[in-house]
Amino acid sequence: MSENKQRPVEKKKNLSSDTTEVITQRKNLRKKEDKIVSKIIMVIVLTLLIVGGVLGFTVYRYVDSGLKPLDASDDQLVQVEIPSGSSNKQIGEILEKDNIIKSGIVFNYYTKFKNMTGFQAGYYQMAPNMTLDEIGKELQEGGTSEPTEVADGKVVVPEGYDINQIASRVAKVTGKNEQEFLDLMKDDTFFKELQQKFPDLLASASTAENVKYRLEGYLFPATYDYYKKMSLKDLVIQMVNKTNTVLQPYFSTIKQQNHTVQEVLTLASLVEKEGVKESDRKNIAQVFYNRIAANMPLQSDISVLYALGEHKELVTYEDTAVDSPYNLYTNTGYGPGPFDNPSEASIKAVLEPTKNDYYYFVADIKTGDVYFAKTYEEHLELVDKYVNNS
């Protein structure tokens, strides 16, 4: 009996040893499989990351490329037809097909992101070197109802440009001498010719005193077709005519408010540079009115820079003492006239200001947000917070 008991025990020991070995082998096999699976997963993840990165970079390059002009060196104009009822997407497709832009898709999303609306049907003359912003603004201004002779160039006058800056743009496009344009701006005989054409527009400008250029403020920011057969006078007449057309609906309002066109354009030229948002511009316009009513100088840095004939970010204390009728730190009232050529939005802000009792404002130099104050003490606190500590 004792022998029979020992044999099963001996067999049991052998079975246990075999099982342990099998289990060990299986564990080792699983470890190997796990390592292989881990490597496979790692390869897949890395592949996805690489593919995702390449795809992301490709999309970025595509979008970035689409935001730039198709060919910055090509200013050859092409006539483009935008049918009535065209959506932003359809306009983008037309512009891409006519080789004006790189991507209709990017144009579509860019104009929606920038909230560009009011695109008009018609015939346009555009070039591959135009930016999406320039194209968008031209589409908002409107084209012609019929095809026209393709122009030799385009003069783009950005909002807030002064006459000296416009002269530079004109010279670059037309090939004419910059000084020739500036001399025309001081030509009294030419101004009188314009006054006869646009009496309502230029009446107050004709009686203004100490002005640098009588037509400052009257060359509306827009895009103008230029033909080699045109004279500089013809080009300027286009600009003044555009201002007259834009202001036509406002002449009665200006008269009812006991303002002159010169006063409105002067304040609008300051508002153009002092504020970006519509709400800020309307409040700033009212601040100027409040200060004028209180016989306080407007103290706009824009006036000082114009008096200095410079374009820079910071105005020093010494700058504010410059001897000039355009210096609204040392002179009260509106000054001689406009300091640049304002947009319709700024003109409307001056004619439709937001009523307030503020006398001061300051802009955060980082964000551009404008803060208003009723007293000088409050103003100093805002300056210290948003300018000095920025």
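The values are calculated or read from the model by the stated rules, or taken from the named source; none is laboratory data. Computed from a predicted model, the values in this text were never measured in an experiment. No Cβ is skipped: glycine too gets one built from the backbone with ideal geometry, and neighbour counts run over all protein chains shown. Note: areas computed on protein heavy atoms with side chains; ligands, DNA, RNA excluded. Shrake-Rupley method; radii C 1.70, N 1.55, O 1.52, S 1.80 Å.
In segment 187-245, which trypsin sites (Lys or Arg not before Pro) fall in coil by DSSP and have 10 or fewer other Cβ atoms within 10 Å?
Counting only loop positions with at most 10 other Cβ atoms within 10 Å, the trypsin sites (Lys or Arg not before Pro) in segment 187-245 are Lys228, Lys229.
Once the convex hull of the alpha carbons of the chain is built, what does its volume come to per residue, in cubic angstrom?
It comes to 270 Å³ per residue, whole-number rounded.
At Ala72 and Thr207, where each label point lies 7 Å from the Cα along Cα→Cβ, what is the point-to-point distance in nanometres?
Reported label-point gap for Ala72 and Thr207 is 5.0 nm.
Could you estimate the translational diffusion coefficient of segment 265-387 from the Stokes-Einstein equation, with Rh from the Kirkwood formula over C-alpha pairs, at 4 °C and 1.567 mPa s, in whole µm²/s?
Translational D for this selection: 90 µm²/s.
For Ile44 and Val383 in one chain, what is 0.36 nm times their gap in residues minus the Cα-Cα distance, to one decimal in nm?
The span from Ile44 to Val383 would gain 116.5 nm if fully extended.
As a test question: what accessible area, to the nearest 10 Å², does Thr207 have when a 1.4 Å probe is rolled over all protein chains in place?
100 Å²
Tell me which GluC sites (Glu not before Pro) from segment 144-220 have a DSSP coil assignment and no more than 11 other beta carbons within 10 Å of their own.
Of the GluC sites (Glu not before Pro), the ones in loops of segment 144-220 whose Cβ has at most 11 other Cβ atoms within 10 Å are Glu149, Glu209.
How much of His311 can a 1.4 Å solvent probe reach, expressed as accessible area in Å² and rounded to 10?
Looks like 120 Å² after rounding.
Compute the length gained on full extension between Ser87 and Tyr109: take 0.36 nm times their separation in residues and subtract their Cα-Cα distance, giving the result in nm to one decimal.
Difference between extended and current length: 6.7 nm.
Over 13 Å apart: what share of the alpha carbon pairs of segment 78-141 falls there, rounded to a whole percent?
When all Cα pairs of segment 78-141 are counted, 56 percent exceed 13 Å.
Cα centroid distance between segment 287-308 and segment 221-244, in Å?
Here the two parts' Cα centres lie 31 Å apart.
Just reorder Ser252, Ser269 by solvent-accessible area, largest first, 1.4 Å probe, all chains present.
Ser252, Ser269
May I ask you to rank Met126, Met42 by accessible area, largest first, using a 1.4 Å probe over the protein chains only?
Listed by decreasing accessible area, they come as Met42, Met126.
Would you mind calculating the gained length between Ala345 and Val276 on full extension (0.36 nm times residue separation, minus the Cα-Cα distance), in nm to one decimal?
Here the answer is 23.8 nm.
Using a 1.4 angstrom probe and counting only protein chains, how large is the accessible area of Asp71 in Å², to 10?
Surface accessible to solvent at Asp71 totals approximately 60 Å².
More than 21 Å apart: what percent of Cα pairs in segment 227-298 qualify?
42 percent
Are there trypsin sites (Lys or Arg not before Pro) in segment 96-183 that DSSP puts in a loop and that have at most 12 other Cβ atoms within 10 Å, and which ones?
Listed in order of number, the matching sites are Lys114.
Per DSSP helix of 4 or more residues, -39500 (n - 2.57); summed, then divided by the residues of the chain. What does that give at 222 nm, rounded to the nearest 500?
The helix contribution divided over the chain gives -17500 deg cm²/dmol.
Using a 1.4 angstrom probe, figure out how much accessible area segment 116-274 has per residue, in square angstrom, rounded to the nearest whole.
45 Å²
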